[in-house]
Amino acid sequence: MKRPVIALIAFAIIACLPLLGDNYLLRLGTMFAMYAVLAQSWNIIGGYAGYPSFATAAFFGLGAYTGAILQGLGWPMPLAWVAAGLLAAVFAGAMGSAILHLKGHYFAIASLVLAEVLLEVTTSWTSLTGGGMGLNLPIIRMSIAAQARLFFWSMLGLAVLTFLMSWYVSAGRIGFALRCIRQNEDASSMVGINTTRYKVVAFVMSSLFVGAAGALYASWVFYIEPPDVYSVMTTIRPIVMTMLGGAGTLLGPVIGSAIFLVIEEVVWRNFLSVHAAVLGILIVGLIFYLPNGIVGAVARRFRKRGAENGET
Amino acid sequence: MSILELKGLTQRFGGLIAVNDVDLSVEAGEIVGLIGPNGAGKTTVVNLITGVFKPSSGTVTFKGRRLDGLKPYQISRMGVARTYQVVQPFPEMSVLENVMAPAIFAAGASSKAEAMRAADEAIDFLGLKDLRDTLASELTLAERKRLELAKSLAMKPEVLLLDEVNAGLNPAEIEIALEMIRAIAARGVTIILIEHLMKVVMSLCSRIVVLHHGAKIAEGKPDEITKNEKVIQAYLGNRYAKANAAEKPNV
């Protein structure tokens, strides 16, 4: 009960970031919030249920284009975000029912294909999406600084919503069922768990806020194009962040996205020409030495200390 | 009326007939032994009853309701539980959490507290109290087999299928397991026992069914089964059966 409250306080402190008046920091803050949405969402299907989903970019891109098209039609911005989230969830529900009977690598490949198909559809459907030319969003009549604050707070609000969803999952029946499924799916159905239903629910939960974040991202950057929003990196980053922080834990994805963002920025600045290689080596090293993520390593140290104290 | 009834149960895997036209009717409160040489189709029968496979033909009826075609989770919620030949705990969970899972999802406990009470009851019943907070992955084989029993008991089953719960245990552990199975039966649970160890089957079962190459070749009381010529043939081969029959022509 204590740790989630600390996390909410941390979110509240981060929300005061605009007081510093630094636009670079505000941009980083918005990126952190977006990463936190993606990582926490992936954690539900990938961390709790143990299904290695590579569909994050599909939900993100679908949400981005839905939001952009609806805003182009004159929908108010918040409504377009909500609609984008809902459409991503419906898409996840339909696709999840079709591919969630696959396991391990097979599921991973099937989920990876979702983004590729959407990328092709988006690129060829020129009349609706502008195709490879990309799509411009309506200009907002607001000062640059006010816009930066608006998108920062909106994205952070979305991250808090995603956190509350994760909390609900981890503390309740759904999380228990998903943890059982991760450890032994056959035994899960034998103890009365409707595995298909829980897996689809988890997949839908892992898409809802990602779709909304995609739409928010589109509004934030004003211009989207298919290779940008359906980028493989959009899929890979949340997975790395979650593993870095601790998969299947409540705080892991949030901590992981913050640390990943810092690493990414530092590497980017200092090794511009070889940043991808340096980042790759860092990721490999982290996964080698922190297989259970930061939260897992800290929990283990505490348990060890507790055991030693118990003996003496 | 019998609590569990199999009629013409058949399962084909491609060209292989794993279970061939098996009829069986189990009365409430019975302990029925299901025996047969390796590959006779015993575990396949369990998988057909619990919904892991859908039978190629034939029916499974539990208290007048058809089970064939239902999913495992639906069957387990109706009150048919099983244990696995190869134990299937949730390794990263404690014994308590392992037993709470069926209490919540199969027995439909309305709250976490109620599930915990039901789980604790099953854990006490099987003498796992001291291991309540131990991770399942840290248990010995005998303890894990007992955990399987506790899990299936927490489902509040009416029929319990035990698939080789004694395999891999030493004689002392088997004695304990026997006592536990007897205690579970005494609570009114109907038990179908799949077993290789004849000593266990003989001492527990009121009735024994013998499978060979997927078909039922004999059924009867333990002492009838040990004298049945077809059974001896299936287990010990034709030559032994003939020699045996020549020695004792009157049996």
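The values are calculated or read from the model by the stated rules, or taken from the named source; none is laboratory data. Keep in mind that what you see is a predicted model, and the values were worked out from it rather than measured. Note that each Cβ is placed from the backbone with ideal geometry, even for glycine, and that neighbours are counted across all protein chains shown.
Can you tell me which residue is farthest from residue B:71 (Cα to Cα) among those in the stretch A:180-190 that are touching a helix residue (DSSP H, G or I) at 6+ places or on another chain (Cβ under 6 Å) and at the interface with chain B (Cβ under 8 Å from one of its Cβ atoms)?
The residue in question is A:180.
Of the numbered conditions (1) over 29 Å from residue A:12 (Cβ atoms); (2) in a helix (DSSP H, G or I); (3) within 14 Å of chain B (Cβ to nearest Cβ), residue A:193 fails exactly one; give the number of that condition.
In the conditions (1) over 29 Å from residue A:12 (Cβ atoms); (2) in a helix (DSSP H, G or I); (3) within 14 Å of chain B (Cβ to nearest Cβ), residue A:193 misses (2) alone.
Using the structure shown, decide if residue B:172 is more than 15 Å from the chain's Cα centre (by Cα), under 25 Å from residue B:48 (Cβ atoms), assigned to a helix (DSSP H, G or I) and of a type in the set (Gly, Ala, Ser).
It is false that residue B:172 is more than 15 Å from the chain's Cα centre (by Cα), under 25 Å from residue B:48 (Cβ atoms), assigned to a helix (DSSP H, G or I) and of a type in the set (Gly, Ala, Ser).
What number of residues within the stretch B:160-179 are of a type in the set (A, V, I, L, M) and within 14 Å of chain A (Cβ to nearest Cβ)?
Qualifying residue count for the region: 3.
Listed residues B:81, B:113, B:118; which is out of contact with any Asp or Glu (no Cβ under 8 Å at 6 or more places or on another chain), surrounded by fewer than 19 Cβ atoms within 10 Å (Cβ to Cβ) and not in a loop (DSSP other than H, G, I, E, B)?
Matching residue, one of B:81, B:113, B:118: B:113.
Go through the stretch A:153-176 residue by residue and tally those that are in contact with a Ser or Thr (Cβ under 7 Å, 6 or more places away or on another chain) and either within 14 Å of another protein chain (Cβ to nearest Cβ) or of a type in the set (A, V, I, L, M, F, W, C) (or both).
The qualifying residues number 1.
Could you say whether any residue in the stretch B:211-226 is part of a strand (DSSP E or B) and within 16 Å of the chain's Cα centre (by Cα)?
Within the stretch B:211-226, one or more residues are part of a strand (DSSP E or B) and within 16 Å of the chain's Cα centre (by Cα).
State all residues of the stretch B:81-105 that are in contact (Cβ under 8 Å) with a residue 24 or more places away in the chain and more than 10 Å from chain A (Cβ to nearest Cβ); if no residue qualifies, say none.
B:85, B:94, B:95, B:96
For the stretch B:152-162, check the following and say yes or no: at least one residue is within 13 Å of the chain's Cα centre (by Cα), in a helix (DSSP H, G or I) and of a type in the set (Ser, Thr, Tyr).
Looking through the stretch B:152-162, at least one residue is within 13 Å of the chain's Cα centre (by Cα), in a helix (DSSP H, G or I) and of a type in the set (Ser, Thr, Tyr).
Using the structure shown, decide if residue B:160 is closer than 16 Å to residue B:82 by Cβ and either at pLDDT 90 or above or surrounded by fewer than 22 Cβ atoms within 10 Å (Cβ to Cβ) (or both).
Criteria met by residue B:160.
Report, by residue number, each residue of the stretch B:106-123 that is of a type in the set (Asp, Glu) and either closer than 14 Å to residue B:151 by Cβ or within 10 Å of another protein chain (Cβ to nearest Cβ) (or both).
Of everything in the stretch B:106-123, those that are of a type in the set (Asp, Glu) and either closer than 14 Å to residue B:151 by Cβ or within 10 Å of another protein chain (Cβ to nearest Cβ) (or both) turn out to be B:120, B:121.
Name, by its number, the condition in (1) over 23 Å from residue B:93 (Cα atoms); (2) surrounded by fewer than 13 Cβ atoms within 10 Å (Cβ to Cβ) that does not hold for residue A:122.
It is condition (2) that residue A:122 fails.
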